Amino acid sequence: SKRPYHPPTLAHRHFSIRVHHNNSSSRTNRMNPPKMMTMLWRRHSRILFVAGALASHVVASVANSKPAKPPLVSTGLRNLGNTCYMNAQLQCAFHIPAVRRLATQPAKAALTIDESNDEGEEESADANAVAEEQECNAEDLPQQQEQEQEQEQSTERTTIKQIPAESVAATVFRELIEEMQNAAIANGAPIQPRSFSQKLGIPVMVQQDAQEFWKLLLPAVDNEDLTDLYKGCFEDYITALDGSGRERRRQEVFLDLSLDVAGSSSLEHSITKAFMKPELLSVAEGNGWRPEKGADKVDAHKGWSLITAGLPPILQVHLKRFNYDWMTDKTTKLHDKLSAPLLLDLAVFAKPVDSTEEKGADDKSNKSGTIYHLQSIVVHAGEYGAGHYYAYVRPDVRVNKWYRFNDHSVEQVAPIEVATDVSLAGWSTARFPGGFLSRIGRLFNRIVGGKRFSGWGGAKSSAYVLQYIRESDIPHLYD
């Protein structure tokens with residue numbers, strides 16, 4: 001007699017997938033209990049421990065109106081050799097509708113005067129001579145006017161020409177975004193950016209830096225409206241500490257904020273160190289500040305300040321993970337974990353530029369000018385010189401739906417997978433919710449040896465570039 005069929009449970013299905021993924025299917029029945037618990041735990045228990053930490057962020061991220069239609073999702077970009085750095089940054093930019101709109105706008109041809117038109121100049125000289133001869137002849141005046149009109153029309157036809165209004169970088173960038181957009185609409189195959197790389201002279205077999213690529217591409221595209229989305233400014237200042245009120249302040253333009261990773265536990269901590277803790281210039285130590293020529297040096301504070309008016313619609317934060325050691329002449333990667341929030345409020349870090357802004361009537365509007373929502377993350381996995389880039393992106397920042405773009409591979413992932421991979425929320429016993437779940441978490445940590453979990457990219461995957469969208473600009477950038 002046939003045995004009745006019993007469908008596998010959810011746990012069995014997931015466990016089988018996990019074992020197959022690790023090429024260990026032959027060991028299914030011989031798996032020891034600790035390893036079985038490890039695999040089951042990683043599949044089923046992450047949500048229990050981190051959902052509470054993410055819940056408030058999810059609510060905040062969807063506080064604005066939801067999109068009227070599903071956003072475009074890229075079908076991926078082929079890796080031509082070592083172009084993962086380029087692919088990751090392009091995916092972050094592509095999934096902002098305003099960036100696509102500005103990148104694909106038809107270029108307007110410019111008009112210019114060709115001053116080397118000798119024929120037109122000769123005809124103009126002849127016309128002037130005729131005019132002088134007939135100046136006192138009232139009878140020939142109609143004929144003179146007719147000749148002058150003909151000459152003007154002839155000159156216009158020969159001295160005005162059209163020149164291209166966009167650079168080569170702008171053209172190939174527009175073509176690539178259009179190609180990605182068409183593929184996303186048709187759900188087509190991943191795009192191969194070979195023409196983009198060739199025309200820009202990008203060596204596809206050389207691994208390069210994702211952050212540097214974008215900072216070089218934007219000026220090359222030379223689209224002022226596009227650049228303005230990323231461009232901000234902060235204040236560079238020196239202030240005397242002798243009570244004289246002498247100071248020097250100037251604004252510095254940036255396309256991203258580069259922040260130290262070493263010694264920082266969170267993004268807010270890193271921002272505090274960069275913009276809230278000035279350097280002391282001490283006369284006693286030989287590096288005092290001379291306020292003006294001929295004046296004595298004085299003690300002073302030197303630092304940077306974020307200003308609310310200088311915050312850009314799209315804020316890119318570059319985490320400085322590659323450290324050059326002057327003593328050893330070597331560059332290494334810093335694997336320090338740095339937690340980053342889904343919702344970043346810069347109100348405590350950015351100061352108003354004047355008293356009128358500080359006393360603004362619309363407090364809600366001023367507040368939204370400092371609130372940013374995390375839209376995408378460029379991740380670097382591996383070591384310096386031998387790593388791999390991929391990206392996590394929210395195609396619509398108002399919805400907490402994430403995708404992992406790993407070159408041509410595109411996969412929707414749960415928010416918890418993003419959080420685990422790039423430390424959006426801590427993964428340690430100290431951060432487990434209290435009560436029963438906390439006790440289970442501590443027990444599980446003892447079973448697996450107290451080791452810290454790593455995300456999809458492995459133990460050496462780290463957030464490298466964070467891209468935030470200002471809340472007040474969401475309607476402009478996404479509608």
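Per-residue answers, yes or no, for (1) open to solvent by less than 20 Å² (accessible area, probe 1.4 Å); (2) aliphatic (A, V, I, L, M); (3) over 29 Å from SER339 (Cα atoms); (4) in contact with a strand residue (DSSP E or B) (Cβ under 8 Å, 6 or more places away or on another chain):
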{"residue": "LYS231", "(1), (2), (3), (4)": "no, no, no, yes"}
{"residue": "LEU241", "(1), (2), (3), (4)": "no, yes, yes, yes"}
{"residue": "VAL253", "(1), (2), (3), (4)": "no, yes, no, yes"}
{"residue": "LEU257", "(1), (2), (3), (4)": "yes, yes, no, yes"}
{"residue": "ASP260", "(1), (2), (3), (4)": "no, no, no, yes"}
{"residue": "HIS269", "(1), (2), (3), (4)": "no, no, no, no"}
{"residue": "GLY310", "(1), (2), (3), (4)": "yes, no, no, yes"}
- Kindly indicate whether any position in segment 62-70 is within 13 Å of LEU176 (Cα to Cα), modelled with pLDDT of 65 or more and not hydroxyl-bearing (Ser, Thr, Tyr). no
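Kindly evaluate ASP209 against the criterion of being surrounded by 12 or more Cβ atoms within 10 Å (Cβ to Cβ), at pLDDT below 95 and under 22 Å from ALA381 (Cβ atoms).
yes
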- Task: State whether the residues of segment 297-305 include one that is open to solvent by less than 70 Å² (accessible area, probe 1.4 Å), out of contact with any strand residue (DSSP E or B) (no Cβ under 7 Å at 6 or more places or on another chain), free of Cβ contacts under 8 Å to residues at least 60 places away in the same chain and more than 27 Å from ASP209 (Cβ to Cβ).
- Result: no
- Residues of segment 268-292 being more than 21 Å from the chain's Cα centre (by Cα) and of a type in the set (Ser, Thr, Tyr), in sequence order, are SER282
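Can you work out which of the residues in segment 275-290 that are more than 26 Å from LEU477 (Cβ to Cβ) and in contact with a strand residue (DSSP E or B) (Cβ under 6 Å, 6 or more places away or on another chain) is most open to solvent (accessible area, probe 1.4 Å)?
The selected residue is GLU279.
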- Task: Could you grab the pairs with beta carbons closer than 9 Å, sequence gap of 6+ or different chains, first residue in segment 377-401 and touching a residue at least 24 places away in the same chain (Cβ under 8 Å) and within 10 Å of GLN91 (Cα to Cα), second one among the aromatic types (Phe, Trp, Tyr) and in a loop (DSSP other than H, G, I, E, B)?
- Result: TYR390/TRP456
- Message: I want to confirm something. Restricting to segment 371-403 and keeping residues that are out of contact with any His (no Cβ under 7 Å at 6 or more places or on another chain), of a type in the set (Val, Ile, Thr) and modelled with pLDDT of 95 or more, which single residue is surrounded by the most Cβ atoms within 10 Å (Cβ to Cβ)?
- Response: VAL378
- Name the pairs: first residue in segment 263-281 and of a type in the set (Asp, Glu), second residue open to solvent by 30 Å² or more (accessible area, probe 1.4 Å), Cβ to Cβ under 8 Å, at least 6 apart or on different chains? GLU279/HIS301; GLU279/LYS302
- Among the numbered conditions (1) farther than 30 Å from LEU102 by Cβ; (2) aliphatic (A, V, I, L, M); (3) modelled with pLDDT of 95 or more, tell me where MET276 comes up short. (3)
- Task: Among the residues of segment 436-473, count how many are part of a strand (DSSP E or B) and modelled with pLDDT of 85 or more.
- Result: 11
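The values are calculated or read from the model by the stated rules, or taken from the named source; none is laboratory data. Quick caveat, the model's predicted, so the values are computed rather than measured. In this analysis, Cβ positions are derived from the backbone assuming ideal geometry, glycine residues included, and neighbour counts consider all displayed protein chains. Each accessible area value is taken on the protein alone, full model and side chains, heavy atoms only, with ligands, DNA and RNA left out. Shrake-Rupley method; radii C 1.70, N 1.55, O 1.52, S 1.80 Å.
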